[in-house]
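Throughout, read-outs are computed from the coordinates displayed, never taken from laboratory work. Quick caveat: nothing in here was measured; it's all calculated off a predicted structure. Reconstructed Cβ throughout: ideal geometry from the backbone, glycine too, with neighbour counts over all protein chains shown.
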């Protein structure tokens, strides 16, 4: 039934550096290019957008709270304006929190996987 079955597999191939680790007593293969790539990817796709959104939303909220209400300054008008400002602050906070909440699990898994698979050990006779 599976006589003509063909399977394809894609995998990452990274430049490696192999050296003998005296502390471990065996050869270790490290993936420095992979480390640089994943650190740059995490910064570019997670930390940088969070920082940009935080700074920009902070500026929007600051500008919103610093502007004076034009026209009549009656108590009901101030109360309505304050409620509207609070809604904007709440919406901005929710957008930032949802971005953080949605991307943190993926970034955590990527970094966890990267940290625990950054190097492999091989036996003493496997070192070339």
(Q) Taking 25 Å as R0, compute the FRET efficiency from the Cβ-Cβ separation of residue 104 and residue 64 and round it to 0.05. (A) 0.35
Q | FRET efficiency estimate (nearest 0.05) - Cβ-Cβ, residue 3 to residue 53, R0 35 angstrom | A | 0.05
Q. Given that just one value was derived from the coordinates, which of [x] 1.32; [y] 1.90; [z] 1.45 is Cα Rg over 2.2 N^0.38 Å?
A. [y]
Q: Measure nothing but the geometry: give the 0 to 90° angle between the long axis through the Cα atoms of 75-116 and the longest principal axis through the Cα atoms of the chain, rounded to 10°.
A: 0 degrees
Q: Quickly rank 92-98, 75-81 as a protection proxy: mean count of other C-beta atoms within 10 Å, highest first.
A: 92-98, 75-81
Q. What is the Å³ per residue value for the convex hull set by the Cα atoms of region 19-73?
A. 96 Å³
Q.
Per 0.36 nm of contour for each residue apart, how much would the distance between residue 77 and residue 94 grow if the chain were fully extended, relative to their Cα-Cα spacing?
A. 3.5 nm
